[in-house]
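Below is one structure, written out as structure tokens; comments come after it.
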Amino acid sequence: MGGLIAASAALVILAPAVIHSVDGHQNARSEWANPLPATDGEQRDILKALLKESPYLESTSPPPSGVERADSFRQRVILLDTSAAFCESEFEESAFGATRDCTLSLPNHIASSDFSGEIPKDLLENLILSNLEYKSLPTVAWPDVTISPRGVIDRIFDGGGWWNDFYKEFPDASGFLEVSRAVLTADGNHAVIYAGYHCGGLCGIGTIHLMTRKDDVWQISESVDIWVS
């Protein structure tokens with residue numbers, strides 16, 4: 001799916017990484033071993049926490065040329081109804097004739113980003129393995145968030161359209177958000193999820209969020225930006 005890749009005119013991969021291993025040599029945490037894909041219920045709760053704490057709903061964008069907005073409009077975020085699908089190589093990401101439909105080369109971006117905090121390698125690896133293809137996401141009802149079929153966005157950007165066409169389709173939107181399926185630690189108290197926010201050819205950011213569950217409430221405990229546009 002070239003649309004989401006094409007939608008950002010330039011992706012800048014961020015600074016070098018230190019990925020913490022959980023093999024007993026560096027930051028070993030037995031409770032973080034053997035990560036598991038999130039259930040639909042867990043995915044929904046994690047996404048709600050992400051929307052509550054993240055800046056995506058605070059972003060505003062001016063109306064592009066030819067797009068009119070009412071003075072009293074409430075800006076919303078368009079959330080894709082299927083998860084991100086990670087490419088296994090940079091070639092797949094950059095080539096529109098790629099052999100597999102995918103969003104971005106997460107291994108490449110991870111290798112070039114700063115994971116010097118507390119996100120262990122096993123969790124990141126399982127995030128990739130759990131998101132090699134597009135998957136349906138559970139419906140999330142949230143203020144100022146509108147769910148859109150991925151095909152609607154694909155049709156705009158794969159059909160030769162650009163951001164003016166997106167904002168004509170969604171005149172009160174600030175952009176669109178694509179998230180991965182989350183992956184949880186074996187103890188169920190930590191999770192990682194990717195979120196890619198797209199708002200223009202030179203407007204967007206991709207982030208991996210480490211989530212922590214305490215008293216059955218999910219919160220963002222660390223965020224690492226892996227690309228900006």
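Since every read-out is calculated from the coordinates, none of them should be taken as a lab result. Please read these numbers as outputs of a predicted model, since none were measured by experiment. For neighbour counting, all protein chains shown are included, and Cβ atoms are generated from backbone atoms with ideal geometry for every residue, glycine included.
Figures for the structure shown
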read-out	value
For residue 150: the one exception among (1) without any contact (Cβ under 8 Å) to a residue 60 or more places away in the chain; (2) under 18 Å from the mean Cα position of the chain (by Cα)	(1)
Residue match in segment 198-210 (condition: of a type in the set (S, T, N, Q) and either under 18 Å from residue 36 (Cα atoms) or touching a helix residue (DSSP H, G or I) at 6+ places or on another chain (Cβ under 8 Å) (or both))	no
Subset of segment 166-217 (residues that are surrounded by fewer than 17 Cβ atoms within 10 Å (Cβ to Cβ) and farther than 20 Å from residue 46 by Cβ)	168, 169, 171, 172, 201, 202
